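Inspection log for the structure reproduced underneath, given as structure tokens.
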Amino acid sequence: MFRGSSFHTIDKKGRIVIPTRFKDSIKTPSGDGVIVTAWDECLYSYSFERWYEIEAKILSIAETNDYMRRIKRFLIGHASECFCDSQGRILIPPSLRMYAKLEKNIALVGVLDHFEIWSSEILEKENMKMNEDREKEQIKAEIAKLGL
């Protein structure tokens, strides 16, 4: 499981360090790594095991409308296997770096079954939106369902 946030930099080659606390969740017999895909102005990073579960669900959903076909094309089309090197870094492909606007300062945010890779600037804006939205009645109701 992925929890917590870490702030890092992405190097000029597009490599980022995976926090030690995330590494246990991404171990595979062939090497530590994740599947990274584009979504929601950031990158979603899944263990291989969890990603294969998602792919199975995607395959089981009938392509009954254009929207589901586009989602499938977007998620699967952007998915990339990223293995850790000897220094615990993964290389983010250029197209994914461009999508998420990863230039220097980044944040890795644990979201239980995956972690997200954000541009620090975009995450800050997202967090400010959440602070504003917390006062909306619909959001308060959703938060109350969690017992918070």
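Only the coordinates and a few stated rules stand behind these numbers; no lab work does. What you see is a predicted model, and the numbers here were worked out from it, not measured in a lab. Cβ: placed from backbone, ideal geometry, glycine included. Neighbour counts: every protein chain shown.
If you go through segment 60-92 and pick out every residue that is part of a strand (DSSP E or B) and of a type outside the set (Ser, Thr, Tyr), you end up with 6. Tell me, yes or no, whether segment 87-97 has at least one residue that is of a type outside the set (S, T, N, Q), more than 19 Å from SER6 (Cα to Cα) and free of Cβ contacts under 8 Å to residues at least 60 places away in the same chain. Looking for residues that are of a type outside the set (S, T, N, Q), more than 19 Å from SER6 (Cα to Cα) and free of Cβ contacts under 8 Å to residues at least 60 places away in the same chain, one finds none in segment 87-97, hence no. Can you tell me which residue is farthest from LYS72 (Cα to Cα) among those in segment 12-29 that are without any contact (Cβ under 8 Å) to a residue 24 or more places away in the chain and part of a loop (DSSP other than H, G, I, E, B)? Per the criteria, the residue is LYS12.
Check segment 47-57 and report whether any residue there is farther than 18 Å from SER86 by Cβ, touching a helix residue (DSSP H, G or I) at 6+ places or on another chain (Cβ under 9 Å) and not in a helix (DSSP H, G or I). Within segment 47-57, one or more residues are farther than 18 Å from SER86 by Cβ, touching a helix residue (DSSP H, G or I) at 6+ places or on another chain (Cβ under 9 Å) and not in a helix (DSSP H, G or I). Close Cβ contacts (under 8 Å, 6 or more residues apart or on different chains) running from residues in segment 118-146 that are in contact (Cβ under 8 Å) with a residue 24 or more places away in the chain to residues that are aromatic (Phe, Trp, Tyr) and surrounded by 10 or more Cβ atoms within 10 Å (Cβ to Cβ) comprise SER120/PHE7; GLU126/TRP118. Assessment of segment 45-65 against the conditions (of a type outside the set (A, V, I, L, M), touching an Asp or Glu at 6+ places or on another chain (Cβ under 7 Å), surrounded by fewer than 15 Cβ atoms within 10 Å (Cβ to Cβ) and within 24 Å of GLY4 (Cβ to Cβ)) yields no matching residue.
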